[in-house]
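Each remark here refers to the structure printed beneath this line.
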Amino acid sequence: MQDMLDSSNFINSLDKIDSLIKLLKYRAQQKPEKIVYRFLLNGESETCSLTYQQLDIQAQAIAAQLQRMGVSGKCALLLYAPGLEFISAFFGCLYAGVIAVPAYPPRENQNLTRLLTIAKDSQAAIVLTTASLLPNIKKRWVENLEMPPISWLATDSIEQSQESCCSEPLITSDTLAFLQYTSGSTGQPKGVMVSHQNLLHNSELIEQRFENTSNSIIVSWLPPYHDMGLIGGILQPLYVGASMILMPPVAFLQKPFRWLQTISQYKATTSGAPNFAYEMCVRRISPEQQETLDLSCWEVAFNGAEPIRFEVLEQFVEKFASCGFRANAFYPCYGMAEATLLVTGGAKAEAPIIKTVMASELEQNRIVTTSESQKYSRTIVSCGRSCYDQKVIIVDPEFLTELPAGKVGEIWVAGASVTSGYWNQPEKTQQSFRAYLTDTKEGPFLRTGDLGFMENGELFVTGRLKNVIIIRGRNHYAQDIEKTVEESDPFIRPYCSAAFAVEIEGVERLVVVAEVERRYKRRQLGGKFSGVERRQVDIEANFDLETDKQFDQETVVSNIQEAVTREHGLQIYSILLLKTGSIPKTSSGKIQHYACRAGFLDGTLNILTTGS
């Protein structure tokens, strides 16, 4: 099928269904006894499940209670541990005409700043959660004087029956379904307004690109509060009439083998995650565990949400080829909350397309092809083509004119999956969602804030506009420097570093912050471990013990500085080694560069040592 179709020819297989509640009703009537969701609480054993009919009944019971409480048309915070209760509550909100606002429930001793921001910005009228979580959340909410007054509802305590139907509100394709708060990796979280039309349109794009069917089996450990876990995970099986197996994110993070074991056990066809998850599988799954896996069923291993490293794809294929994993199952893609989810993706049967360029030319926003053997080169993985009726262009971020193929610029997107803007933030909505080309006046487009280039219709993402570090007139991508830092010394934790620029006496200077492995920090402090403790430290550290190495802070700092100077021609103004687990991250695991920079400037980072 051609990659771009006129929107008048774009055929939605469910074109008579204009809302998610009509879709759920349709599935409940069509196949009431089919299990749509199974949940593995510990990532290994199935603990509960939901059929289409059970989900429909539970959602309507929750909706009826919400309507009795008079919150239709208002926002509801959904604070749930990963599980099926969240799914029922989400659809209960849709049935009641309540705007769902998914968010992580606060952990013990966790700062409530993000939750406070979301609660105030959304003007939520009620919190939905479970009976087990409600007392602690409510107590902490009341104790924090800044938190606004709010109503409470434990949805798993609501009596459910075939008769507990709600009165169906007037819902059209343009009705707001939920607020998707951005991860906050480059700024304060903003509520993206996602309509029923956005969800149905993007679900169709995912179905077409992934070639999912009612026979597909989908596995996900991704957080259900974010676009990839919610729309690409929970909503996609409902859209195509498939089945899904879910597990909590912590089950994967503690033991990555559980993810691949579940794919093997349930013969899953579709599953995916950000790049770091594949890298964890390469490092932490043993040869003995490999022997138990059959990954020949895995047809779409999508990879998105963060920079895709080609060497990780190579290592994963090399390690798991003996388990039946095929290279062409890898599916690099690109998307974002402001565009609902999926923006670009490749053809299912094709192996990932790569391009190796000269790093020095990329710093000048020029694309010069070279070989992988070239010392100062960078191999970039294509994220595929624009999906059908959506349009993707590359634009000069200063002059706002479209750039030709092979030029690096800002990625702009237009199409029915692009949402209407940010909740109660008209100025930011105008800046990001109402962009027009200055010469042709074409628009409106969504300004993604991401940098990339197009070649033969393929989109190659090179970095974030806000994460480009400009020093002495040269552009340096933060993720390139971070990769160099993480590879400079085995004491640095993978995917736990940040590079950014600060102005010192009128000059832009490079700063690097990086976490060290927990076991190294403890050994340096003189800790002694029993066999059990040593094994636990090894698990937390995420790679094999190297008992012959001793942690020396000065050596680590020196190795970082030497590697960055050698690879990027840069002197680092300051290097901060952070304690394990302390670098600011979003709830989906992305590094919060703005928070790292702010923490450096105000001295609030959890520092183990500094160097320069």
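The values are calculated or read from the model by the stated rules, or taken from the named source; none is laboratory data. Since this is a predicted model, take the numbers as computed values, not measurements. Cβ atoms come from the backbone with ideal geometry, glycine included; neighbour counts cover every protein chain shown.
A residue that is on the phi > 0 side of the Ramachandran plot and either of a type in the set (Asp, Glu) or surrounded by fewer than 19 Cβ atoms within 10 Å (Cβ to Cβ) (or both) cannot be found anywhere in region 128-137.
Of VAL511, VAL461, VAL468, VAL485, all but one fail to be under 29 Å from LEU400 (Cβ atoms) and out of contact with any Gly (no Cβ under 9 Å at 6 or more places or on another chain); the exception is VAL468.
The residue list SER203, SER243 contains one member that is farther than 18 Å from SER88 by Cα and polar (S, T, N, Q), which is SER203.
Among the residues making up region 182-224, those that are surrounded by 24 or more Cβ atoms within 10 Å (Cβ to Cβ) and of a type in the set (Ser, Thr, Tyr) are SER203, SER220. Looking at PRO248, PRO256, just one residue is of a type outside the set (Val, Ile, Thr) and touching a residue at least 60 places away in the same chain (Cβ under 8 Å), and that residue is PRO248. Restricting region 103-141 to residues that are touching a residue at least 40 places away in the same chain (Cβ under 8 Å) and β-branched (Val, Ile, Thr) leaves a set whose member that is farthest from PHE86 (Cα to Cα) is THR117.
With the structure loaded, tell me whether ILE504 is at pLDDT below 70 and surrounded by fewer than 15 Cβ atoms within 10 Å (Cβ to Cβ) or whether it fails that test. Taking the combined requirement at face value, the residue does not satisfy it. When region 95-107 is filtered for residues that are within 23 Å of the chain's Cα centre (by Cα) and of a type outside the set (Phe, Trp, Tyr), the ones remaining, listed by number, are ILE99, ALA100, VAL101, PRO102, ALA103, PRO105, PRO106, ARG107. Answer yes or no as to whether ILE118 is assigned to a helix (DSSP H, G or I), β-branched (Val, Ile, Thr), out of contact with any Asp or Glu (no Cβ under 6 Å at 6 or more places or on another chain) and under 30 Å from SER49 (Cβ atoms). So ILE118 does not fit the description; no.
Summed over region 321-342, the residues that are of a type in the set (Ser, Thr, Tyr) and under 18 Å from VAL381 (Cα atoms) give a count of 2.
Of all residues in region 54-113, those satisfying the criterion of being closer than 30 Å to ALA595 by Cβ, of a type in the set (Gly, Ala, Ser) and in a loop (DSSP other than H, G, I, E, B) are ALA81, GLY83.
Looking only at region 273-292, filter to residues that are touching a residue at least 60 places away in the same chain (Cβ under 8 Å) and not aliphatic (A, V, I, L, M); which one of those is farthest from ALA28 (Cα to Cα)? Looking at residues that are touching a residue at least 60 places away in the same chain (Cβ under 8 Å) and not aliphatic (A, V, I, L, M), I get ARG283. Of the residues examined, ILE231 is one that is under 22 Å from LEU40 (Cα atoms) and in a helix (DSSP H, G or I).
In region 142-169, the qualifying residues are those that are hydrophobic (A, V, I, L, M, F, W, C) and without any contact (Cβ under 8 Å) to a residue 24 or more places away in the chain, and the one that is surrounded by the fewest Cβ atoms within 10 Å (Cβ to Cβ) is LEU145. Enumerate the pairs (first residue in region 73-102 and at positive phi; second residue anywhere and part of a strand (DSSP E or B)) with beta-carbon separation below 9 Å, excluding pairs fewer than 6 apart on the same chain, so at least 6 apart or on different chains. Between residues of region 73-102 that are at positive phi and residues that are part of a strand (DSSP E or B), the close pairs are GLY73/ILE99; GLY83/PHE39; GLY83/THR47; GLY83/CYS48; GLY83/LEU246. Checking the structure you have, find out if any residue of region 209-220 is over 16 Å from the mean Cα position of the chain (by Cα) and of a type in the set (Lys, Arg). Checked against the condition, which is being over 16 Å from the mean Cα position of the chain (by Cα) and of a type in the set (Lys, Arg), region 209-220 yields at least one hit. Here PRO426 meets the list (1) buried (at least 16 other Cβ atoms within 10 Å of the Cβ); (2) at pLDDT 90 or above almost entirely, failing just condition (1). Restricting attention to region 389-415, the residues that are surrounded by fewer than 22 Cβ atoms within 10 Å (Cβ to Cβ), under 25 Å from ARG209 (Cα atoms) and modelled with pLDDT under 95 total 3.
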